[in-house]
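Contents: one structure, followed by commentary.
The values are calculated or read from the model by the stated rules, or taken from the named source; none is laboratory data. Owing to the predicted nature of the structure, the values given are computational and were not obtained by experimental measurement. Positions of Cβ are backbone-derived with ideal geometry, glycine not excepted, and every protein chain shown enters the neighbour counts.
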Amino acid sequence: MEMPNLNKVAKITLMFWLMKIVATTLGETLGDFISMTLNLGYVVGIGITLFFFLGVLFTQLSVKQYVPVIYWLVIVGTTTLGTEISDFIDRTLHLGYAWGSLLLVSCLILTLMLWYKKYKNLEVYPITERPKEIYYWVAILFSNSLGTAFGDFLSDNLGLSYLNGAIITGAVILIVVLLHYYTKINHILLFWIAFIFTRPFGATFGDFLTKPLSKGGLELGTLPSSLVSILIMAIFIYILHKKHNESSK
């Protein structure tokens with residue numbers, strides 16, 4: 001008897017969004033730690049984070065069902081690699097955050113169009129087929145890269161403080177939540193808007209934690225901020241595994 005395909009991705013709950021915000025904060029601080037604090041540069045940073053991302057992605061694609069720790073390691077991989085991609089486009093290719101954001105949003109839209117053309121929907125839960133899961137992860141990688149570029153655009157191009165940038169993107173997320181509960185706007189559209197904007201929220205909050213006091217940050221350092229985010233994620237993942245194991249009984 002053939003076994004049914006099992007779901008491979010996280011359900012969209014409040015815990016999902018909390019984990020996403022912590023993961024994006026970690027992606028920003030860890031990405032900056034690799035490229036800036038260790039002074040390895042963006043090209044080497046992309047190489048390191050790409051290697052990590054492909055390793056955890058291969059593991060995620062290989063398992064038969066959703067495993068919280070593996071899934072969220074891939075999310076961290078996309079946020080960290082997204083930080084390096086965004087900074088590489090801006091600071092190495094010198095395209096700037098505005099053009100970088102336009103390039104990345106074009107890549108995201110193209111990915112979603114190809115996804116929709118093949119499956120006639122953009123549902124993000126459940127996902128049981130490997131080809132659809134690949135579309136899912138490519139879209140997440142582009143959305144996290146886009147979110148990084150947009151967050152940096154708010155601070156570097158528009159001159160907003162890191163805290164103000166976090167407040168603005170947080171307000172957008174709150175509006176999306178209200179639209180979800182009180183309107184009939186397509187929930188998939190709202191999901192991707194929220195998913196994109198949780199990235200600059202986490203990125204600007206990460207910058208707020210790590211940047212110098214003279215630039216409006218708390219100057220906590222990239223490594224201490226990353227370690228705190230890792231600890232919070234570890235606690236959340238433990239809770240998710242416990243709930244997942246209980247529901248599987």
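Odds and ends about this structure:
- Test: residue in region 117-132 that is modelled with pLDDT of 85 or more, on the phi > 0 side of the Ramachandran plot and not aromatic (Phe, Trp, Tyr): yes
- Filtering region 208-232 to residues that are under 12 Å from VAL22 (Cα atoms) and surrounded by fewer than 21 Cβ atoms within 10 Å (Cβ to Cβ) leaves LEU227, VAL228, ILE230, LEU231, ILE232.
- Region 233-245 - residue that is at pLDDT 85 or above and surrounded by 15 or more Cβ atoms within 10 Å (Cβ to Cβ) and, of those, farthest from THR25 (Cα to Cα): LEU240
- Top-ranked residue of region 101-122 - restricted to ones that are among the polar types (S, T, N, Q) and farther than 21 Å from ASP152 by Cα, ranked as farthest from the chain's Cα centre (by Cα): ASN121
- Within region 171-207, the set of residues being crowded, with 19+ Cβ neighbours inside 10 Å and basic (Lys, Arg) comprises just one member, ARG199.
- Among (1) closer than 18 Å to LEU108 by Cα; (2) in contact with a helix residue (DSSP H, G or I) (Cβ under 6 Å, 6 or more places away or on another chain), the one test that GLY165 misses: (1)
- Scanning region 111-122 for residues that are loosely packed, with under 13 Cβ neighbours inside 10 Å and under 20 Å from LEU190 (Cβ atoms) yields a count of 3.
- Filtered by the rule that a residue be under 29 Å from LEU110 (Cα atoms) and without any contact (Cβ under 8 Å) to a residue 12 or more places away in the chain, region 181-214 gives TYR181, THR183, LYS184, ILE185, ASN186, HIS187, LEU189.
- Looking across region 10-45, the residues that are under 17 Å from ASP90 (Cβ atoms) and among the charged types (D, E, K, R) come down to GLU28, ASP32.
- Among the residues of this structure, THR78 counts as one that is modelled with pLDDT of 85 or more, closer than 17 Å to PHE201 by Cα and of a type outside the set (Phe, Trp, Tyr).
- Residue match in region 48-58 (condition: touching a residue at least 40 places away in the same chain (Cβ under 8 Å), under 13 Å from ILE140 (Cβ atoms) and in contact with a Lys or Arg (Cβ under 7 Å, 6 or more places away or on another chain)): no
- Being touching a Leu at 6+ places or on another chain (Cβ under 8 Å), over 30 Å from TYR125 (Cβ atoms) and modelled with pLDDT of 85 or more is a property that does not hold for SER229.
- On the stretch given as region 95-144, residues that are under 18 Å from ILE12 (Cα atoms), among the charged types (D, E, K, R) and free of Cβ contacts under 8 Å to residues at least 40 places away in the same chain total 1.
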